[in-house]
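So the structure is just underneath, and the comments pick up after that.
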């Protein structure tokens with residue numbers, strides 16, 4: 001069916017400005033948009049095109065009730081479309097016969113249609129090739145004016161993407177790394193003695209003694225010979241005991257002694273960094289672009305409405 005296959009587009013193709021001929025005299029005007037008029041037949045075609053396919057098969061009374069409920073909303077959408085076409089004309093956007101031919105060929109390729117199948121589908125919808133081409137040209141114009149006036153002005157930077165990912169509440173979106181130095185005292189039978197020794201070392205560090213020197217002299221853990229330096233460790237590689245301590249620290253802080261696996265630990269937070277997942281960047285770029293587009297598009301439409309003379313007559 002042409003509505004679902006060939007055009008594969010929106011109501012925009014059903015919004016040609018009403019021709020300035022005597023036919024308008026026999027049709028009711030439902031809105032005036034600057035110098036264009038929208039007639040009841042224009043609006044009715046749009047509503048029927050937008051209606052779900054199952055509505056076409058219902059009785060007239062139910063179909064008319066459904067269409068009537070959507071009347072004002074459909075008219076507003078039609079007005080917006082007229083405004084966009086007028087803006088396109090104002091800024092000089094046009095379509096050539098070559099553009100239309102290329103669009104038709106693309107549609108036929110996409111849906112596997114021969115020339116004869118394409119011709120029959122148009123005929124089946126009650127359209128002439130001329131009418132179809134005219135509606136398709138308007139769709140192309142609408143796409144181009146939105147691209148030129150709205151989408152091209154949108155810019156999503158790497159900084160925008162990083163900020164979004166860093167603020168994301170989804171754990172998989174980012175990885176936190178802690179650069180730490182470590183002092184470890186093994187657990188012994190006399191736990192009190194170990195705790196006393198750890199507290200004494202902590203007091204020395206707080207008094208100004210060098211953490212690295214204390215680690216070299218007393219630490220019984222990894223990296224002792226390097227002043228306790230362990231380098232950057234991914235948060236997922238740390239136990240909950242360590243994470244609870246580290247997440248509350250600032251760079252340069254030294255933790256109070258705390259018990260964890262194997263004994264008592266003290267850590268110095270040398271640095272902390274957060275990395276975002278590179279494979280998420282493109283998806284986030286698209287999301288932010290569409291979010292910005294939606295906002296910019298709404299503002300653009302509001303601006304067009306504000307500048308226009310619109311007279312609704314229903």
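Roughly how far apart, in whole Å, are the Cα centres of the stretch 149-168 and the stretch 220-245?
Going from one Cα centre to the other spans 35 Å.
Hey, with R₀ at 35 Å, roughly what FRET efficiency would residue 70 and residue 90 work out to, going by the Cβ-Cβ distance, to 0.05?
0.75
Can you divide the C-alpha Rg of the stretch 73-131 by 2.2 N^0.38 Å and report the result to two decimal places?
1.46
Which three numbers, in whole Å and largest first, are the semi-axes of the equivalent ellipsoid of the stretch 165-276 derived from its Cα gyration tensor as √(5λ)?
27, 15, 12
Every read-out reported here was derived from the displayed coordinates using simple, explicitly stated rules and does not represent laboratory data. These numbers come from a predicted model, not from an experiment. All Cβ positions, glycine included, derive from the backbone under ideal geometry; neighbour counts span all protein chains shown.
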